[in-house]
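Please read the structure below before turning to the comments.
The values are calculated or read from the model by the stated rules, or taken from the named source; none is laboratory data. Every value quoted in this text rests on a predicted model; they were computed, and no experiment measured them. Here the Cβ positions follow ideal geometry from the backbone for every residue, glycine too, while neighbour counts run over all protein chains shown.
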Amino acid sequence: MRAKREYRDREETQVAILDALVDRVDDGMTVFELRAAASVDIDRLETALADLKADDLIVVDGSSNETVIKPADRVVPEPGDTDDDTVVERLRDRLPF
């Protein structure tokens, strides 16, 4: 699953993070899992996470043994909302216009 369309015009690393988090909305992800999912170095990941946190697009949960990051509810598409999953949308997101 992908983050809602209104959050897809952000920097590439931020979009990769949001998409990865939306895929694991219930469990969340650790920083290490996000780094692997986004395929970026730790500095870019840290900057992207800071920007997403400042914009209230992610929630950091440190109540358990490890810190887990989850997407904010407003980033997660409603069940059955497949507009962003079309081939045309995927191509549009990848091609510079």
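Some points to look at:
- Taking the criterion of being under 16 Å from Glu66 (Cα atoms), touching a residue at least 24 places away in the same chain (Cβ under 8 Å) and part of a helix (DSSP H, G or I), the only residue of the range 22-32 that qualifies is Val31.
- For Thr13, the conditions (1) among the polar types (S, T, N, Q); (2) at pLDDT 90 or above; (3) surrounded by fewer than 18 Cβ atoms within 10 Å (Cβ to Cβ) are fulfilled apart from (3).
- Of all residues in the range 33-74, those that are surrounded by fewer than 17 Cβ atoms within 10 Å (Cβ to Cβ), of a type in the set (Lys, Arg) and free of Cβ contacts under 8 Å to residues at least 24 places away in the same chain total 1.
One line per residue, one yes/no per condition, for (1) part of a helix (DSSP H, G or I); (2) modelled with pLDDT of 90 or more; (3) of a type in the set (A, V, I, L, M):
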site	(1), (2), (3)
Arg44	yes, yes, no
Lys53	yes, yes, no
Val59	no, yes, yes
Asp93	yes, no, no
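- Taken over the range 1-21, residues that are of a type outside the set (Gly, Ala, Ser), in a helix (DSSP H, G or I) and touching a residue at least 12 places away in the same chain (Cβ under 8 Å) amount to 9.
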